[in-house]
Amino acid sequence: MAKPVILTVDDEPQVLNAVERDLRKHYRGEYRIIKAGSGAEALEAVKGLKRRNDPLALFLADQRMPSMTGTDFLAEAMLLYPEARKVLLTAYTDTEAAIDSINTIGLDHYLMKPYEPQNLYEVLDDLLEVWNADVELPYDGIRVAGTLWSPSSHSVKDFLARNRISYQWLDIEADPIARELVDAAEPGGHRLPVVFFPDGEALIEPDNRALAEKVGLQTEAKKTSYDLIIIGGGPAGLGAAVYGASEGLSTAMIERHSTGGQAGTSSRIENYLGFPKGLTGADLASRADAQARRLGAEILTAVEATKVELDGNYRVVACSGGDELVCRALLIATGVTVTELKVSGVADLAGRGIYYGASLTEAAYYKDQHVFVVGGANSAGQGAMEFSRYASKVTILVRGSSMGITMSQYLVDQITDTENIEVMTRTAVEEVSGEEKLETITIKNSDTGDTETLPAAALFIFIGAQPHTDLVDEVVERNNAGFILTGSDLLKSNGGRKMWPLKRDPFLLETSVPGIFAAGDVRQGAVRRVASAVGEGAIAVSFVHQYLKTV
Ligand SMILES: Cc1cc2nc3c(=O)[nH]c(=O)nc-3n(C[C@H](O)[C@H](O)[C@H](O)COP(=O)(O)OP(=O)(O)OC[C@H]3O[C@@H](n4cnc5c(N)ncnc54)[C@H](O)[C@@H]3O)c2cc1C
């Protein structure tokens with residue numbers, strides 16, 4: 001396959017040559033460097049690359065060019081290569097134009113001239129890493145062949161996508177060559193999907209563990225005993241893994257599906273500190289996952305913690321697959337599952353046009369179709385914004401009288417400004433129906449009592465949450481809804497002091513069992529935000545240190 005291209009454009013020949021030289025020095029091995037002396041020349045080059053279907057990773061454009069500014073060039077070029085990263089070279093006086101470009105064309109970065117090559121490399125390395133993680137190159141990797149409406153095909157795609165494993169989807173109903181491939185591997189094609197690997201092996205309707213092993217994710221711990229075990233690899237668990245490992249604790253994290261948790265399913269997190277353009281949940285998860293591993297944390301994927309037991313000062317975690325891991329301190333960061341929509345037809349059609357959360361893997365399949373979103377909080381708003389990029393129309397159904405009560409104002413504003421999003425307040429889903437997949441949705445207006453049945457391609461549900469705490473049933477104290485009590489909440493609860501065995505008060509995030517901590521959404525009173533979950537994970541580690549000094 002052709003090397004991906006980095007294209008640089010500048011009208012000053014000397015600067016252009018210097019930039020080209022810097023790029024070649026660092027990126028020659030993995031990328032093809034192409035230079036152009038004007039916006040028009042660069043656009044011609046981009047069109048040529050597109051015709052050959054060559055991958056293009058990054059544009060580096062000078063802002064101040066006489067016939068076409070860098071911003072104007074990027075706006076044109078990104079129509080052909082929307083996934084390519086965009087960087088502007090600016091003079092001091094162009095800073096404002098560059099900042100505007102963040103909003104207008106989604107500029108990824110701007111660099112002031114003259115730049116230090118090292119500075120350039122740091123910025124581009126970061127962007128190219130993200131591009132490499134996101135991009136779909138002409139394919140020679142894993143291929144998943146199935147039908148769009150098969151729940152197991154959805155589950156495999158979701159597992160791969162949320163673990164940031166690239167794959168190519170082959171719809172056997174639309175692609176006769178894919179059908180032939182499947183028939184050869186699984187005569188009759190009854191078990192789907194069939195997952196084809198570059199080494200020639202094919203897995204038929206694999207479970208998550210088999211997939212994880214095949215794609216090289218760690219599924220077995222290297223040791224049996226750790227200073228700190230973290231259950232759950234969402235933002236709280238990842239925060240704790242980064243701090244635990246970096247502060248010298250032998251740390252293992254157990255994640256039953258994919259790191260990132262709920263945040264990993266978010267189409268765009270706009271309010272996480274340090275990312276002015278926002279970032280996708282997948283991007284955040286992949287950065288945090290890499291950071292935790294680099295610092296020495298072990299991350300087990302597709303492994304479920306099924307039970308926690310106490311053995312003196314040791315905490316024992318039983319895992320799916322039969323392994324038992326022992327630790328001195330344990331962090332429960334198992335988060336929540338969003339509440340199911342208990343309406344006739346929903347359970348039968350889940351995964352076949354009905355999805356919980358913003359399933360990015362599915363959004364693009366609803367190009368030019370009418371999709372519905374249920375819920376009035378931020379996650380529903382973000383989902384609707386993402387779907388509006390593909391769907392002909394997005395209808396948000398909200399039970400209350402407005403979205404503003406539960407949704408951040410910036411999202412309400414974005415939704416109001418998006419032409420193909422419609423908001424129906426005081427409206428709930430009554431019923432959904434379809435044979436093979438979702439076909440219609442019946443909605444009811446709570447003021448008038450009127451019902452209406454509308455054709456629907458997809459329904460995305462975002463309505464509340466239940467904590468994952470069965471594994472600590474009868475081990476740590478929970479509230480009636482199953483959320484874990486920690487710190488002063490324990491002492492304030494009905495059982496009060498009796499729930500806590502030591503003379504000292506529990507640490508802020510400590511549960512009713514000394515040495516077992518809880519962080520993130522799984523805790524009673526959690527703020528339910530990415531940043532607070534990450535922060536709690538980090539704080540928990542500082543209490544782990546204090547606790548370990550006492551045992
Ligand atoms: C679609 C969506 C969009 C959102 N957008 C935003 C946003 O823009 N900004 C914001 O601040 N917040 C946002 N949130 C909320 C935010 O994602 C959560 O508050 C945050 O993810 C909570 O992190 P957590 O680590 O506590 O739990 P979770 O993210 O729920 O992670 C828990 C992890 O534990 C794993 N797990 C559970 N049980 C077990 C077990 N027994 N064994 C092993 N692993 C287990 C799960 O698989 C999961 O990966 C959004 C949420 C959703 C659903």
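The values are calculated or read from the model by the stated rules, or taken from the named source; none is laboratory data. Here the structure is a predicted model, which means the values were calculated and not measured. Please note: Cβ atoms are built from the backbone with ideal geometry, for glycine as well, and neighbour counts cover all protein chains shown. Just the protein is used for accessible areas: all its heavy atoms, side chains included, with ligands, DNA and RNA removed. Shrake-Rupley method; radii C 1.70, N 1.55, O 1.52, S 1.80 Å.
Return the residues of the range 295-335 that are under 21 Å from HIS545 (Cβ atoms), within 27 Å of the chain's Cα centre (by Cα) and of a type outside the set (A, V, I, L, M); say none if nothing qualifies.
Across the range 295-335, the qualifying residues are GLY296, GLU298.
Would you mind finding the one in ILE269, ILE204, ILE229 that is in contact with a Leu (Cβ under 7 Å, 6 or more places away or on another chain) and over 30 Å from TYR410 (Cα atoms)?
After applying the criteria, what remains is ILE229.
Which one is surrounded by the fewest Cβ atoms within 10 Å (Cβ to Cβ), of the residues in the range 404-440 that are among the small types (Gly, Ala, Ser) and outside any strand (DSSP E or B)?
Quick first cut of the range 404-440, residues among the small types (Gly, Ala, Ser) only: 404, 408, 428, 433-434.
Then drop every residue that is not outside any strand (DSSP E or B), which leaves 404, 408, 434.
On the way: GLY404: 12, SER408: 16, GLY434: 17.
The qualifying residue surrounded by the fewest Cβ atoms within 10 Å (Cβ to Cβ) is GLY404.
Is it fair to say ALA221 is within 14 Å of LEU300 (Cα to Cα), within 16 Å of the ligand (Cβ to nearest atom) and open to solvent by less than 60 Å² (accessible area, probe 1.4 Å)? Break it down into steps so the answer makes sense when it comes.
Numbers: within 14 Å of LEU300 (Cα to Cα): yes; within 16 Å of the ligand (Cβ to nearest atom): yes; open to solvent by less than 60 Å² (accessible area, probe 1.4 Å): yes.
When the stated conditions are applied, ALA221 passes them.
Only residues that are among the acidic types (Asp, Glu) and in a loop (DSSP other than H, G, I, E, B): list them for the range 462-520, please.
Narrowing the range 462-520 to residues among the acidic types (Asp, Glu): 470, 473-474, 477, 489, 505, 510.
Hits for the range 462-520 are ASP473, GLU474, GLU477, ASP505.
Do you know which residues across the range 360-403 are over 21 Å from the mean Cα position of the chain (by Cα), open to solvent by less than 40 Å² (accessible area, probe 1.4 Å) and among the small types (Gly, Ala, Ser)?
GLY400
Please verify whether ILE443 is assigned to a strand (DSSP E or B), of a type outside the set (Lys, Arg) and open to solvent by less than 80 Å² (accessible area, probe 1.4 Å), treating the condition exactly as stated.
yes
Out of PHE462, PHE483, which single residue is closer than 30 Å to SER392 by Cβ and either in contact with a strand residue (DSSP E or B) (Cβ under 8 Å, 6 or more places away or on another chain) or surrounded by fewer than 16 Cβ atoms within 10 Å (Cβ to Cβ) (or both)? Spell out how you get there, then give the answer.
Working: PHE483 fails: closer than 30 Å to SER392 by Cβ.
Matching residue, one of PHE462, PHE483: PHE462.
Please go through the range 312-338 and give me each residue that is farther than 25 Å from SER542 by Cβ, more than 9 Å from the ligand (Cβ to nearest atom) and open to solvent by 40 Å² or more (accessible area, probe 1.4 Å), ordered by number. So that I can check it myself, show each step before the final result.
Taking the range 312-338 as the starting set, the residues that turn out to be farther than 25 Å from SER542 by Cβ are 318-324, 337-338.
Add one more test, that the residue is more than 9 Å from the ligand (Cβ to nearest atom), and what stays is 318, 321-324.
Hits for the range 312-338 are GLY321, GLY322, ASP323, GLU324.
With (1) assigned to a helix (DSSP H, G or I); (2) under 22 Å from PRO66 (Cα atoms); (3) open to solvent by 20 Å² or more (accessible area, probe 1.4 Å) as the list, and GLU129 as the residue in question, which single condition is left unmet?
Going through (1) assigned to a helix (DSSP H, G or I); (2) under 22 Å from PRO66 (Cα atoms); (3) open to solvent by 20 Å² or more (accessible area, probe 1.4 Å) one by one, GLU129 breaks only (2).
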